[in-house]
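Beneath this line is the structure, given in structure tokens, with notes to follow.
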Amino acid sequence: MPTTIQQAIQTATAKLKDSSDTPKLDAEVLLAHLLKKNRVHFLTWPEEPLSQITERFFFDLVERRAEGEPVAYITGMQEFWSLKLKVTTDTLIPRPETEVVVEQTLVLIPDDTACDIADLGTGSGAIALAIASECPQCNVFGIDQSKSAIRVAETNARQLDLSNVSFSQGNWLEGVDAHSFDIIVANPPYVALNDPHLQQGDVRFEPKTALVSGDDGLDDIRTIIPQAKKCLKRKGWLVLEHGYDQQPQIMALLDAAGFRELHGLTDYAKQPRVVLARL
């Protein structure tokens, strides 16, 4: 007897229960990706049989997940801000807590005002594309030092048909003209070099250059702050994502650099996650 969708998901869920916090969801997402169906299909047709080749391919994917490989890298896709984005091992996997950065940036944009916005360390383009999709009147510029990441971001922009966003390779704001941007947004590397979390979960598979920033995790933020001061327009805003325990140090760095109107914000898990600062 052929294996049904329901049976395959049950077996995969059992295989993943020791390696994933969401084993059933992971199994469903992997099978949906393979069958090119949405997960509602599984509720409607649980007794639909799988071909032997489909079953084999599915359990190959399940085995990769059981070994710790992130679902987003297996499928090559991740949803962020209701946008379906291509991701690769050259980019970080966009995370829900980063949507707070987008929310707060949108609050700073006056209605119907054409702002120039930079997204530093853009990766897959998640933040830049989310802002561009919500504010077609704005010009959004994504910058990343990785050529491979830039290619992924450009692919995502084309697939989303967003023409008010562009991407370029660069080392943060190095070489950018003074007073270029109304808002600068950054989700930079902020993990300390010896942080034990680097050996756990999905981050084991993500690019370390996009995660690690010196002994205390603040090296890149120390570089960005003075560059942003130069490149922001008068009364411009800097929006920084950071680690859960870094907010006091970052606010001190911003204050010392002459930024004002400092605001520390939490993410959806009530962890300190974002700082806003005005020039």
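Each value in this text was obtained by applying a stated rule to the coordinates, not by laboratory testing. The structure presented is a predicted model; accordingly, all values stated were derived computationally and were not measured. Note: ideal-geometry Cβ built from the backbone for every residue, glycine included; neighbour counts use all protein chains shown.
Largest mean-square fluctuation among 163, 180, 213, in a Gaussian network model of the chain whose springs join Cα atoms under 10 Å apart, belongs to 163. Spin-label model, residue 33 to residue 208: label points 7 Å out along the Cα-to-beta-carbon direction sit 2.5 nm apart. Placing a label point 7 Å from the Cα of residue 278 along the Cα-to-Cβ direction, the residues of the range 161-195 with a backbone N closer than 14 Å are 183. Across the range 267-276, coupling constants 3J(HN,Hα) worked out from phi with the 6.51/-1.76/1.60 Karplus curve, θ = phi - 60°, read 8, 5, 8, 6, 9, x, 9, 9, 10, 9 Hz, and Gly and Pro carry x. Just so you know, the Rg over Rh for the range 5-68 is 0.93, from Cα atoms, with Rh as the Kirkwood radius. The helix-only estimate of mean residue ellipticity at 222 nm for the chain, built from DSSP H runs of length n ≥ 4 each weighted as -39500 (n - 2.57), is -11500 deg cm²/dmol after division by the residue total. Label zone of residue 159 (point 7 Å out along Cα→Cβ, amide N under 15 Å): in the range 110-126 this covers 123-126. When the alpha carbon coordinates of the range 91-278 are projected onto the principal axes, the ranges are 44, 38, 33 Å, largest first. Legend: calculated FRET efficiency, residue 108 to residue 48, from the Cβ-Cβ distance at R0 = 35 Å, rounded to 0.05, equals 0.15.
If you rank 24, 86, 270 by fewest surrounding Cβ atoms within 10 Å, what's the result? Present the calculation step by step, with values, prior to reporting the outcome.
Details: 24 15, 86 18, 270 8.
Going from least to most buried by this count: 270, 24, 86.
Note on the chain: lysine pairs with Cα distance below 26 Å, sequence gap of 8 or more or different chains, count 22.
Dipole magnitude for the chain: computed about the Cα centre from +1 point charges on Lys and Arg Cβ and -1 point charges on Asp and Glu Cβ, it is near 260 debye.
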